[in-house]
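The values are calculated or read from the model by the stated rules, or taken from the named source; none is laboratory data. Please read all numbers here as calculations on a predicted model, not as lab measurements. Cβ sites come from the backbone with ideal geometry, for glycine too, and all protein chains shown count toward neighbours. For the accessible areas, the whole protein counts, side chains as well, though only heavy atoms, and no ligand, DNA or RNA atoms are used. Shrake-Rupley method; radii C 1.70, N 1.55, O 1.52, S 1.80 Å.
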Amino acid sequence: MKKIAILGSTGSIGTQTLEIVRTNKDIEVTALAAGRNIDLLERQIREFRPKLAAVWSEDLAAELKTRTGDLQVEVLSGMDGLLAVAAEKDSEILVTAIVGMIGILPTIEAIRAGKDIALANKETLVTAGHIIMPLAEQYHVSILPVDSEHSAIFQSLQGGQEKALHKILLTASGGPFRGKKREDLEHIRVEDALKHPNWAMGRKITIDSSTMVNKGLEVIEARWLFGVTVDQIQVVVQPQSIIHSMVEYEDGAVIAQLGTPDMKLPIQYALYYPERRYLPGERLDFGTLTQITFEKPDMETFYGLKLAIEAGRTGGSLPTVFNAANEKAVALFLDRKIRYLQIPEIIQACMENHRNIADPDVDEILKAEQETYDFIKNRW
């Protein structure tokens with residue numbers, strides 16, 4: 001019986017992880033953490049019977065504790081709750097499906113407790129990859145990617161030829177506004193940006209996909225996951241979302257992972273690695289698949305991607321500023337307080353305002369995040 005804990009159990013990745021638990025019957029959920037959705041979290045607790053649960057708000061935690069008083073579950077709150085879930089003594093794998101830099105400290109806690117990490121929280125590596133990856137090596141734990149693109153790269157490297165890797169080809173769908181120019185995006189509404197053509201995701205990541213900032217974050221994440229430079233990662237637009245990413249080796253061979261756009265595949269692969277298991281769902285039909293096409297990304301219209309590559313090349317605390325600025329700008333857009341095109345404008349302004357720290361520790365990373373939030377609050 002495999003034992004797992006989940007940070008972000010009520011979100012898109014968290015709920016799909018629990019679908020895999022339902023299907024396979026040989027995974028025990030020992031701990032769950034969520035943000036504010038205690039209605040769904042209560043249902044999850046009653047179904048999966050974890051020993052420990054956590055929510056961010058102390059008041060909501062108190063309410064959840066009352067609701068689940070008939071069950072043997074400990075309910076905690078705040079960062080202490082997240083850290084407890086991350087290090088829950090019986091779990092073997094922590095699924096980090098929480099959104100944002102709030103995932104850094106729990107991931108560190110889990111690594112120090114000897115837990116493997118099924119990583120869906122890209123912000124952890126974007127901002128603290130220089131801390132996380134050496135720590136995982138020190139504690140002999142695995143970082144198993146859950147993002148579809150990073151899982152595809154991971155799967156394409158399974159031949160044991162990592163040292164022969166020449167280049168990563170990181171695919172992107174292009175999002176709902178592929179082919180449009182900047183002037184076409186002047187009056188984009190929240191509803192427009194939330195209509196992804198291929199994937200069903202959370203609100204924040206769907207906006208990130210539309211701006212291609214998400215692909216920029218994935219470039220930085222891939223740099224740390226696979227030990228390459230930013231310049232060894234090429235973004236390729238593949239609108240059908242059939243090829244999830246590719247690896248080019250030194251001899252010119254390209255290995256790709258293909259499949260239907262279904263996040264349960266990379267989640268299940270991370271949970272059972274190196275075993276492959278049957279996964280119900282749609283399969284690729286090469287009899288009806290008429291074409292797979294490729295394009296170069298438009299980094300002038302979607303210059304958030306260009307800014308991410310700049311931040312990744314520079315390193316230090318600049319990726320933290322990029323990420324924090326995007327988080328706040330997306331939140332403002334979703335609250336209808338700024339225009340769509342202001343998202344990359346805010347990111348660029350924050351990056352230009354920041355004095356980079358070459359090798360930041362966790363405190364300096366979190367300070368850079370807060371300074372970025374303060375800068376935005378004072379200007380927008």
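List of remarks:
- The condition of being touching a residue at least 60 places away in the same chain (Cβ under 8 Å) and touching a strand residue (DSSP E or B) at 6+ places or on another chain (Cβ under 7 Å) holds for only one of L170, L185, that being L170.
- The number of residues in segment 225-235 being open to solvent by 50 Å² or more (accessible area, probe 1.4 Å) and more than 9 Å from L169 (Cα to Cα) comes to 3.
- Scanning segment 202-221 for residues that are closer than 10 Å to G312 by Cα and of a type in the set (A, V, I, L, M) gives L217, V219, I220.
- When restricted to residues that are surrounded by fewer than 24 Cβ atoms within 10 Å (Cβ to Cβ), more than 22 Å from E364 (Cβ to Cβ) and among the β-branched types (V, I, T), segment 116-142 contains 1.
- Here S241 clears all of (1) of a type outside the set (A, V, I, L, M); (2) in contact with a Leu (Cβ under 8 Å, 6 or more places away or on another chain); (3) under 30 Å from N326 (Cα atoms) except the condition numbered (2).
- Search result, residues across segment 127-144 that are in contact with a Phe, Trp or Tyr (Cβ under 8 Å, 6 or more places away or on another chain) and not in a loop (DSSP other than H, G, I, E, B): G129, H130, I132, M133, L144
- Qualifying residues in segment 59-97 (those that are part of a loop (DSSP other than H, G, I, E, B), open to solvent by less than 30 Å² (accessible area, probe 1.4 Å) and touching a residue at least 40 places away in the same chain (Cβ under 8 Å)) - the one farthest from L18 (Cα to Cα): E88
- Set V55, V73: member being under 25 Å from M101 (Cα atoms), modelled with pLDDT of 95 or more and out of contact with any Asp or Glu (no Cβ under 6 Å at 6 or more places or on another chain): V55
- When segment 236-290 is filtered for residues that are of a type in the set (V, I, T), in contact with a helix residue (DSSP H, G or I) (Cβ under 7 Å, 6 or more places away or on another chain) and open to solvent by 50 Å² or more (accessible area, probe 1.4 Å), only I255 remains.
- Residue match in segment 145-152 (condition: in a loop (DSSP other than H, G, I, E, B), hydroxyl-bearing (S, T, Y) and within 17 Å of the chain's Cα centre (by Cα)): no
- Some residue of segment 369-380 being among the charged types (D, E, K, R), within 20 Å of D192 (Cβ to Cβ) and either under 22 Å from the mean Cα position of the chain (by Cα) or open to solvent by 20 Å² or more (accessible area, probe 1.4 Å) (or both): no
- Residue count for segment 1-34 under the criterion of being assigned to a loop (DSSP other than H, G, I, E, B), surrounded by 19 or more Cβ atoms within 10 Å (Cβ to Cβ) and of a type outside the set (S, T, N, Q): the result is 2.
- Here is the figure for segment 346-366: residues that are under 23 Å from the mean Cα position of the chain (by Cα), farther than 16 Å from H130 by Cβ and not hydrophobic (A, V, I, L, M, F, W, C) total 1.
- When residues in segment 153-172 are screened for being within 22 Å of the chain's Cα centre (by Cα) and part of a strand (DSSP E or B), 6 of them pass.
- In segment 325-340, residue nearest to I365 (Cα to Cα) [restricted to those that are open to solvent by less than 30 Å² (accessible area, probe 1.4 Å) and free of Cβ contacts under 8 Å to residues at least 60 places away in the same chain]: A325
- Exclusive hit being at pLDDT 95 or above and over 19 Å from S12 (Cβ atoms), set I117, I111: I111
- Looking only at residues of segment 153-171 that are within 17 Å of V235 (Cβ to Cβ) and in contact with an Asp or Glu (Cβ under 8 Å, 6 or more places away or on another chain), we find that the one that is surrounded by the most Cβ atoms within 10 Å (Cβ to Cβ) is T171.
- Set P266, P274: member being touching a strand residue (DSSP E or B) at 6+ places or on another chain (Cβ under 8 Å), under 23 Å from A97 (Cα atoms) and touching a residue at least 60 places away in the same chain (Cβ under 8 Å): P266
- Considering segment 35-46, the residues that are of a type outside the set (K, R) and assigned to a helix (DSSP H, G or I) include one that is most open to solvent (accessible area, probe 1.4 Å), namely D39.
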